[in-house]
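Okay, so here's the structure we're looking at.
We did not get these values from a lab; they are worked out from the coordinates using the rules stated. Computed from a predicted structure; not experimentally measured. Cβ sites come from the backbone with ideal geometry, for glycine too, and all protein chains shown count toward neighbours.
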Amino acid sequence: MGHTLEQFSRQCHDFLKNNPGPAGREKVAGLLKEILLDKEFIEKHLHANVGEREVIYEDPELGFCVVAHNYPGAKNSTPHDHAHSWAIYGQARGETEMCDYELIEAATADKPGKVKLTKRYKLVPGVAHVYNEGDLHSPERKASTSLIRVEGTNMAKVTRFKFEAI
Ligand SMILES: [Fe+2]
């Protein structure tokens, strides 16, 4: 308890700098799990006026971002990856129904890729899940949710391919 965004982002920076690749991201996910259970942190950074996507920290050296999300109401989404980057989904409130997929046919700029469902599971408050480069997934929610996500790079600036489930 008693975490601050400054502390959290500094620790993320050190984990990611000292352990490049998936190992560092697992360390970030471990710390994110603690943050998700810190009521004060969550109330401060996921207050009612936070929208669907608010970058609350962007690392000047490594480019990773800490992003706050208040997602209103039910929603489905199509399968996607995070292009050359990665993301850690941290569930703070509500439930995300996540599906994972295997790639059957690669996507191009003009044509959606084809993917096949491999796993279905729930992200509940306190769970942080790492999606590495190329990990295909689709989040769905039946009601409002709040998440803290850590992205390898600011995904708002990245063009992504489309995928369809077969
Ligand atoms: Fe994603």
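The table for this structure:
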quantity: Entries of LYS33/LYS75; LYS75/LYS119; LYS44/LYS142; LYS17/LYS119; LYS33/LYS122 with Cα pairs more than 22 Å apart; calculated: LYS33/LYS75; LYS44/LYS142; LYS17/LYS119
quantity: Most fluctuating residue given options ASP100, ASP81, ASP14, as computed from a GNM of the chain linking Cα atoms under 10 Å; calculated: ASP14
quantity: Estimated inter-spin distance, GLU26 and ARG93, nm [label 7 Å along Cα→Cβ]; calculated: 3.2 nm
quantity: Cα gyration tensor, segment 5-165 - rounded (a/c under 1.5), prolate or oblate; calculated: oblate
quantity: Of ALA92, GLN7, ALA29, farthest towards positive along the dipole that unit charges on Lys, Arg, Asp, Glu beta carbons give the chain; calculated: ALA92
quantity: Ranking of SER138, SER144 by count of other Cβ atoms within 10 Å, fewest first; calculated: SER144, SER138
quantity: Among ARG141, ARG120, ARG149: highest mean-square fluctuation, GNM of the chain, C-alpha pairs under 10 Å; calculated: ARG120
quantity: Cβ charges +1 (Lys, Arg) and -1 (Asp, Glu), total dipole of segment 64-111, debye; calculated: 280 debye
quantity: Residue-averaged [θ]222 nm for the chain, counting only DSSP H segments that reach four residues, each worth -39500 (n - 2.57); calculated: -6500 deg cm²/dmol
quantity: HN-Hα J in Hz across segment 38-55 - Karplus 6.51, -1.76, 1.60, θ = phi - 60°, x for Gly and Pro; calculated: 8, 4, 5, 4, 5, 5, 5, 9, 10, 6, 4, 8, 6, x, 6, 8, 9, 6
quantity: Fewest-first sequence of THR96, THR159 by Cβ atoms within 10 Å of each Cβ; calculated: THR159, THR96
quantity: Partners for LYS111 among lysines (Cα-Cα distance below 18 Å; same-chain residues under 8 apart left out); calculated: LYS162
quantity: Anisotropy class of segment 1-86 from Cα gyration tensor, a/c 1.5 cut; calculated: oblate
quantity: Acute angle (nearest 10 degrees) that the helix 5-18 long axis makes with the longest principal axis of the chain, alpha-carbon atoms; calculated: 60 degrees
quantity: Rounded to 10°, Cα long-axis angle of helix 22-36 versus longest principal axis of the chain; calculated: 60 degrees
